[in-house]
Amino acid sequence: MTSDLLKAGKPGNQEQREKLVSDLQSVVSESGEMLKNAADSSVEALSAARDKFGGRVNEAREQMTELAAIAKEQAASKVDKASEYVKAHPWQSVGAVAVGGLLLGLLLNRRHY
């Protein structure tokens, strides 16, 4: 499933995130309903509700694990691309870091006055 999401690109990742958020919201609402109905339910009904709730939590956990793996792979890819750029253009990279440091230093120094 993770490889399918990686092939799908960013739109697939966005759809996966939206589904995860939706699933988490439904888990929360189902848990609230389960707590409200707990006093009036039989042991069997509570057991079934607990099993259903546990299944939903496990699904959400698996989706979060998949998204974390995707994010890790994408971050590694970005780091590799940045490393390649720095190796190909070392002086431009040094200049960009120097300018960034200068701007950050000016902003931080400005706050002290």
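Kindly indicate whether ALA68 is out of contact with any Ser or Thr (no Cβ under 8 Å at 6 or more places or on another chain), surrounded by 10 or more Cβ atoms within 10 Å (Cβ to Cβ) and over 30 Å from LEU24 (Cβ atoms).
Numbers: out of contact with any Ser or Thr (no Cβ under 8 Å at 6 or more places or on another chain): yes; surrounded by 10 or more Cβ atoms within 10 Å (Cβ to Cβ): yes; over 30 Å from LEU24 (Cβ atoms): no.
For ALA68, the condition - out of contact with any Ser or Thr (no Cβ under 8 Å at 6 or more places or on another chain), surrounded by 10 or more Cβ atoms within 10 Å (Cβ to Cβ) and over 30 Å from LEU24 (Cβ atoms) - is not met.
Yes or no: the stretch 57-66 includes at least one residue that is touching a residue at least 60 places away in the same chain (Cβ under 8 Å) and either farther than 23 Å from LYS19 by Cβ or assigned to a helix (DSSP H, G or I) (or both).
Filtering the stretch 57-66 down to residues touching a residue at least 60 places away in the same chain (Cβ under 8 Å) leaves 66.
Pick out the ones that are also either farther than 23 Å from LYS19 by Cβ or assigned to a helix (DSSP H, G or I) (or both) and you get 66.
Checked the stretch 57-66: at least one residue is touching a residue at least 60 places away in the same chain (Cβ under 8 Å) and either farther than 23 Å from LYS19 by Cβ or assigned to a helix (DSSP H, G or I) (or both).
Conditions tested, residue by residue: (1) on the phi > 0 side of the Ramachandran plot; (2) surrounded by 14 or more Cβ atoms within 10 Å (Cβ to Cβ); (3) at pLDDT 75 or above.
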| site | (1), (2), (3) |
| --- | --- |
| PRO11 | no, no, no |
| GLU15 | no, no, yes |
| GLU18 | no, no, yes |
| LEU24 | no, yes, yes |
| MET34 | no, yes, no |
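What are the pairs with Cβ atoms under 8 angstrom where one residue, in the stretch 67-96, is free of Cβ contacts under 8 Å to residues at least 40 places away in the same chain and the other, located anywhere, is of a type in the set (A, V, I, L, M)? Sequence gap at least six, or different chains.
Close Cβ pairs satisfying both conditions: SER93/VAL86.
If I go through the stretch 39-56 residue by residue, how many of them are surrounded by 12 or more Cβ atoms within 10 Å (Cβ to Cβ), farther than 21 Å from LEU20 by Cβ and either among the hydrophobic types (A, V, I, L, M, F, W, C) or modelled with pLDDT of 80 or more (or both)?
4
Looking only at the stretch 84-106, how many residues end up being surrounded by 11 or more Cβ atoms within 10 Å (Cβ to Cβ) and part of a helix (DSSP H, G or I)?
Restricting attention to the stretch 84-106, the residues satisfying the condition of being surrounded by 11 or more Cβ atoms within 10 Å (Cβ to Cβ) are 85-86, 89, 92-97.
Subset that is part of a helix (DSSP H, G or I): 85-86, 92-97.
Here the count works out to 8.
The values are calculated or read from the model by the stated rules, or taken from the named source; none is laboratory data. Bear in mind the structure is a predicted one, so any value in this text is a computation, not a measurement. Positions of Cβ are generated from backbone atoms using ideal geometry, with glycine treated the same way; all protein chains shown enter the neighbour counts.
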